[in-house]
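One structure is given here, and the rest of the page talks about it.
What follows draws every value from the coordinates through simple rules; no lab data is involved. Nothing here was measured: the structure is a model prediction, and the numbers come from that model. Because the Cβ atoms are built from the backbone with ideal geometry, glycine has one as well, and the counts that use them run over all protein chains shown.
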Amino acid sequence: MGSAEISKERIAELEAGHRVLAEFSYEPEGVKKGYAGQTLYVNVSDNAIATRPVDEKMKKTFVGGRGFDLWLLWNAVTGNTKWDSPENEIVISAGPIGGITQYPGTGKSIAVSISPLTNTVVDSNVGGYFGPLLKFAGFDAIEVQGIAEEEVIVFVDGNAGKVQIIAAPEESVNSHILAEEMAALFASKPGERQAVTSVSAGVGAEHALMGCLNFSFYDPRRQVARLKQAGRGGIGTVLRKKKVKALVVKYVGLKGDSNTPQDLKGIQDTGAKMHREIYERDPIMFEMRKDGTNHLTKIMNDYDILPVHNFRYGAHPEAEKIYSPNFQKHFDYSSPDGCWYGCTLACAKFAKELELCSGPYKGQTVTVDGPEYETVAGIGANCGIWDPHAVLEANFYCDTYGIDTISFGTSMAFAMECFEEGLINTEVTSGLELNFGNGDAMLEVLHQIGRGEGFGAILGQGIRRMKAIFAADYGADPKFLQDIGMEAKGLEYSEYVTKESLAQQGGYGLANKGPQHDEAWLIFMDAVNNQIPTFEDKAEALHYFPMWRTWFGLMGLCKLPWNDVEPADNRTSYSGMDAAKVPEHVQNYVELFRGVTGRDDIKTGKDLVRMSEVVYNFQRVFNLKMGFGTREHDVIPYRSAGPVTDIEYESRAERYDQQLSELVGIDPEGMSTTEKRKALRRYREEQYDKLIDAVYERRGWDANGIPTLGTIQELGIDFPDLVEVVNTHTNSQG
Amino acid sequence: MKVLVTNDELCIGCHLCEDICSQTWYKEMNHGLSSIRITSLGNAEWGMAVCNQCGNCIDVCPTGALYRDKAGVVRLKKADCVGCLSCVGFCPTLTMYYHEDYVEPIKCISCGLCANECPTGAISIEVLAE
């Protein structure tokens, strides 16, 4: 992501500062059928390093990835642990399929921690090489616990069988430089840099609660360390709290069978078929290889789902300015763009020769990955900034500062609306005219986060805390702030307008970690195609899809190759929700799982979903353990369910008037906009409540959203401490 | 650019080219390891499929293991290959192959041994302008 080669003098300077604080040796035994068979525990408080076994029961129950992460974290924290408590951990795992090279999207890591934004457990998935190379280095997961006394690097040498905690006073903090430094430091020759991967967070993560983790992957042709982000929930903030500059893994010797699968042929056949499908279908479907996820911006604007001006609207006449063609000219297409080997969907676009106009690197020419749709929609459309360069520059700085672009974009949009509504003024915003569309002000707030000063220090706390501050210190109406502040559970919304899709309101509101689209994306199925009209249908979709999507996180897989390209006959062989499941691809994943693990008991997609049900319910109970995980925490801001203001109502007056008369049974004739808006709100809030009831029932939860004892038993996770958590909370509701 | 050129009309389906290819490069008589493939089309007609050295595979290789040598032949540096098979899926002529006994794909390097042995002259080595 950077551009500067690290000089020999700089390397010598870095090395001169190093002191090995702890060293641990182990015998790398190689991966067997997708599992290394042990996890790595590192405590940076007392410099303890140890391995922990992965037994068959752990594999059967929690499978890997997010499942392993949650189980390890569950055992590390108590219900009183806060994000900045020493016992909080960052746990990272790939999963059994993670690291195969033959199928697209097989290099994901999942990071889990107690979140500074939500105060409960959060999971975030990310590309880059760390998770797979960690496994090939000998570990199915890494737990990092404690808070170091001085700045450290944790280094895993998977070839030498050595783990070190190294005092690292001289290394950079900002990730675009740090990742280059790690590649240069730990590769014994330039050709080895692809074998070195780091996890880091920048200076912004030190001053904000929305810090992200940057996972690196070295691009050998462009000779640059590129970065992918575990963005959600502030895990980068936790990393910097621990005074960890970087987690680094080196593993030289990756091959197509490093995962030692049971059935290489099955994996090769499935992978080659999928590569061919992408070759044939991607150019006539979503053009991921050309545009990355930003191809969505046009679609979302066309369907009135693109968040504009803090989710007030779903489209804008100027949106075209941030469509893909305006980014293509920045992209370099000279090399493959997969963020793991063999990902031919290749959505990680590479913007080159970006000349920075602001901030500490002003005037420098840099490169940046992305921007993803979420970044374009959040920082661009949602803030009314229709300037690709401003989006790219914000993307670069968010990444290197270690700031989640989604939380930043959504928080900025909220602050801009508060400014335009007169709830805050220039005295609060450090003199910045924070109107929608002010790209320079947006960038300045970002730099303030980097410096930990001014309004940036407030915005970096996220919307939930901004709401409290604006109400307590500046007299803003807390009810209005609740309505327009697009957060739930403390996490900022990702970038889709859900007002017209009840199912997706639930998709966001019920998501375990907070409103992120990786659990469910049902807007087309629900609002556009009307394929899940009843509460029962929606509840079924809100059971199946969150469970199915959870499965990717157990495996080390990316969700995109599942449904961002489809077999040619998918929509003719199947219809409705069945087509949305993409059955052929589900079967591909059955083949991959069996091919890697050799588990012949797994035969259908249902068997895969069953794995997720276990982990998903476990995470729900984990929320309960941390003091959340009940119905009151599944509430959503009204803006995600309907128009908060008259101006929003009027922007879709025809649609809303029709709903009043056809669904609510009220004749809108003669009613004022405010009256109509209030009537619609009563109806929509009632609908959301009914939806929640239906989903809880489908998931085997009680009316308060707690998994019943029967559900826990049926899933085989009725461990004594888990049962105690469920019983305590079930009984406390009387 | 040194390339194998085939003439399906001359092919008699003796499979000698496949024998020679797999025997030469994998020390095994196994048509699944050959980088030239002969398929029956029925009616004593045969389809011949072999790499035309177009080089599209070079562009999708994530490690740079595929490269064009001085003679214009696209070659695979096996030590650098991670067996992802992107090249297999993205081969325009479907002539990059793989086999479960090997993680790396099977790639024609226009060695010409098959052409030397072909009894009908259905295969020949030609040097084409790039």
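Putting +1 on Lys and Arg Cβ atoms and -1 on Asp and Glu Cβ atoms, find which of A:HIS330, A:VAL376, A:PRO388 reaches farthest to the positive end of the dipole of the range A:325-433.
Of the candidates, A:HIS330 comes out farthest on the positive side.
Whole Å is fine, so just give me how far the alpha carbon centre of the range A:606-642 lies from that of the range A:263-317.
Comparing the Cα centres of the range A:606-642 and the range A:263-317, I get a distance of 27 Å.
Write down the Å³ per residue value for the convex hull defined by the alpha carbon atoms of the range A:40-91. Walk me through the numbers before you get to the answer.
Values: hull volume 4.1 nm³, N = 52.
Spelled out: Cα convex hull of the range A:40-91, divided by residues, is 79 Å³.
Any idea which of B:GLY112, B:HIS31, B:GLY64 is furthest toward the positive side of the dipole for the range B:2-123, if Lys and Arg beta-carbons carry +1 and Asp and Glu beta-carbons -1?
Result: B:GLY64, furthest along the dipole toward the positive end.
Run the quick spin-label model on B:GLU117 and A:ASP578: label points 7 Å from Cα toward the beta carbon, then report their separation in nm to one decimal.
It is 5.1 nm.
Once the principal axes of the Cα atoms of the range A:51-183 are found, what is the range along each, listed largest first in whole angstroms?
That works out to 43, 41, 26 Å along the principal axes.
Please quote Rg/Rh for chain A to two decimal places, taking the Kirkwood radius as Rh and restricting both calculations to Cα atoms.
Expressed as Rg/Rh, it is 0.94.
Using a 10 Å cut-off around each Cβ of peptide A:630-642, what is the average number of partner chain Cβ atoms that fall inside? Working shown, then result.
Details: counts 0, 0, 0, 0, 0, 0, 0, 0, 0, 0, 0, 0, 0.
Across A:630-642, the average partner-chain Cβ count within 10 Å equals 0.
What is the distance, in nm, between label points placed 7 Å from the Cα along the Cα-to-Cβ direction at B:HIS15 and at B:HIS31?
Between B:HIS15 and B:HIS31, the label points sit 0.4 nm apart.
Can you give the net charge of the other residues whose Cβ lies under 13 Å from the Cβ of A:ARG571, counting K and R as +1 and D and E as -1? Write down the numbers at each step before the final one.
Working: positive: A:ARG281, A:LYS581; negative: A:GLU566, A:ASP569, A:ASP578, A:GLU584.
Computed value for this residue: -2.
Which whole number gives the average, over all residues in A:268-280, of C-beta atoms from other chains lying within 10 Å of the residue C-beta?
Values: counts 9, 3, 0, 7, 11, 3, 2, 9, 6, 1, 3, 8, 2.
Partner-chain Cβ atoms within 10 Å, mean over residues of A:268-280: 5.
Running Debye on the range A:528-583 with equal point scatterers at the Cα sites and no solvent, what base-10 log of I(q)/I(0) appears at q = 0.17, 0.26 Å⁻¹?
-0.63, -1.13
Any idea what the dipole of the protein assembly as shown comes to, in debye rounded to 20, about its Cα centre with Lys/Arg Cβ at +1 and Asp/Glu Cβ at -1?
Working: 83 positive and 118 negative charges, 289 e Å.
About 1380 debye.
In nm, give the distance between the simple-model label positions of A:TYR303 and A:GLU355, each being 7 Å from the Cα along the Cα-to-Cβ direction.
3.9 nm
Counting only other chains, what is the mean number of Cβ atoms within 10 angstrom of the Cβ of each residue in peptide B:100-108?
On the way: counts 7, 2, 4, 8, 2, 3, 0, 0, 0.
Partner-chain Cβ atoms within 10 Å, mean over residues of B:100-108: 3.
Can you give the calculated 222 nm mean residue ellipticity of chain B, where each DSSP H run of n ≥ 4 adds -39,500 (n - 2.57) and the sum is split over every residue, rounded to the nearest 500 deg cm²/dmol?
On the way: 4 runs with 25 residues, N = 130.
One gets -4500 deg cm²/dmol as the mean residue ellipticity at 222 nm.
Leaving out same-chain residues fewer than 8 places away, which lysines sit with a Cα under 29 Å from that of A:LYS298?
Of all the lysines, those that pass the test against A:LYS298 - Cα under 29 Å, at least 8 places apart if same chain - are A:LYS108, A:LYS228, A:LYS290, A:LYS321, A:LYS329, A:LYS349, A:LYS352, A:LYS499, A:LYS513, A:LYS538, A:LYS559, A:LYS581.
Could you run the Karplus curve 6.51 cos²θ - 1.76 cosθ + 1.60 with θ = phi - 60° over the range A:520-537 and give me ³J(HN,Hα) per residue in whole Hz, x for Gly and Pro?
7, 9, 10, 5, 5, 4, 8, 7, 8, 9, 6, 8, 10, x, 8, 4, 4, 4
In Å³ and rounded to a whole number, note down the convex hull volume per residue for the Cα atoms of the range A:286-492.
Details: hull volume 24.3 nm³, N = 207.
About 118 Å³ per residue, rounded to a whole number.
Quote the charge dipole size of the range A:660-713 about the Cα centre in Debye, to the nearest 20; the model charges only the Cβ of Lys and Arg (+1) and of Asp and Glu (-1).
Values: 9 positive and 10 negative charges, 41 e Å.
That gives the range A:660-713 a dipole magnitude of about 200 debye.
If the label point is 7 Å along Cα→Cβ of A:GLU287, which residues in the range A:350-374 have backbone nitrogen under 19 Å from it?
A:350-352, A:370-374
May I ask you to evaluate 6.51 cos²θ - 1.76 cosθ + 1.60, the Karplus curve with θ = phi - 60°, for each residue of the range A:420-425 and list the ³J(HN,Hα) values in order in whole Hz, giving x for glycine and proline?
5, 7, x, 6, 10, 10
With unit charges on the beta carbon (Lys/Arg positive, Asp/Glu negative), name the residue among A:PHE24, A:LEU185, A:GLY233 whose Cα is farthest towards the positive pole of the charge dipole of the range A:8-250.
Checking the options against the dipole of the range A:8-250, the answer is A:GLY233.
Could you list which residues have their amide H under 5 Å from that of A:TYR313, counting only those 5 or more apart in sequence or on another chain, with H placed in the peptide plane?
Answer set, sorted by chain and number: A:VAL308.
Could you check how many percent of all C-alpha pairs in the range A:8-250 are farther apart than 21 Å?
Values: 15185 of 29403 pairs.
Percentage above 21 Å: 52.
Run the numbers for A:THR260 and A:LEU709: contour at 0.36 nm per residue of separation, minus the present Cα-Cα distance, in nm.
Values: separation 449, 0.36 × 449 = 161.64 nm, distance 3.86 nm.
Full extension of this stretch gives 157.8 nm more.
Rounded to the nearest 0.05, what FRET efficiency do A:ASP607 and A:GLU427 give with R0 = 56 Å and r taken as the Cβ-Cβ distance? Could you check?
Details: r = 59 Å, r/R0 = 1.06.
Efficiency for this residue pair is about 0.40.
Give a residue-ordered list of calculated ³J(HN,Hα) values for the range B:110-121 (Karplus: 6.51 cos²θ - 1.76 cosθ + 1.60, θ = phi - 60°; whole Hz; x for Gly, Pro).
Per-residue couplings from phi come out as 6, 6, x, 4, 5, 5, 4, 9, 4, x, 10, x Hz.
What FRET efficiency would be calculated for the residue pair A:ALA12, A:ARG221, taking the C-beta separation as r and a Förster radius of 35 Å, to the nearest 0.05?
On the way: r = 28 Å, r/R0 = 0.79.
Approximately 0.80, to the nearest 0.05.
Kindly provide the helix-only [θ] at 222 nm of chain A, computed as the sum of -39,500 (n - 2.57) over DSSP H runs of four or more divided by all residues, to the nearest 500 deg cm²/dmol?
Numbers: 29 runs with 298 residues, N = 734.
Helices in chain A give a 222 nm mean residue ellipticity of -12000 deg cm²/dmol.
Which value, to two decimals, describes the C-alpha radius of gyration of the range B:2-123 once divided by 2.2 N^0.38 Å? Provide the component values of the computation, followed by the final result.
On the way: Rg = 14.1 Å, N = 122, 2.2 N^0.38 = 13.7 Å.
My calculation over the Cα atoms of the range B:2-123 gives 1.03.
Give the lysines reachable from A:LYS189 as a straight Cα distance under 23 Å; neighbours fewer than 8 places away on the same chain don't count.
A:LYS8, A:LYS135, A:LYS162, A:LYS245, A:LYS250, A:LYS255, B:LYS77, B:LYS78
Between A:GLU662 and A:GLU540, what is the FRET efficiency for a Förster distance of 30 Å, r being their Cβ-Cβ separation, to the nearest 0.05?
Working: r = 24 Å, r/R0 = 0.82.
Calculated value: 0.75.
Place a label point 7 angstrom from the Cα of A:VAL635 along the Cα-to-Cβ direction, then list the residues of the range A:519-554 whose backbone nitrogen is under 17 Å away.
Output list for this probe position: empty.
Run the dipole for the range A:8-250 about the Cα centre, Lys and Arg Cβ at +1, Asp and Glu Cβ at -1, nothing else charged, and hand back the magnitude in debye, nearest 20.
880 debye
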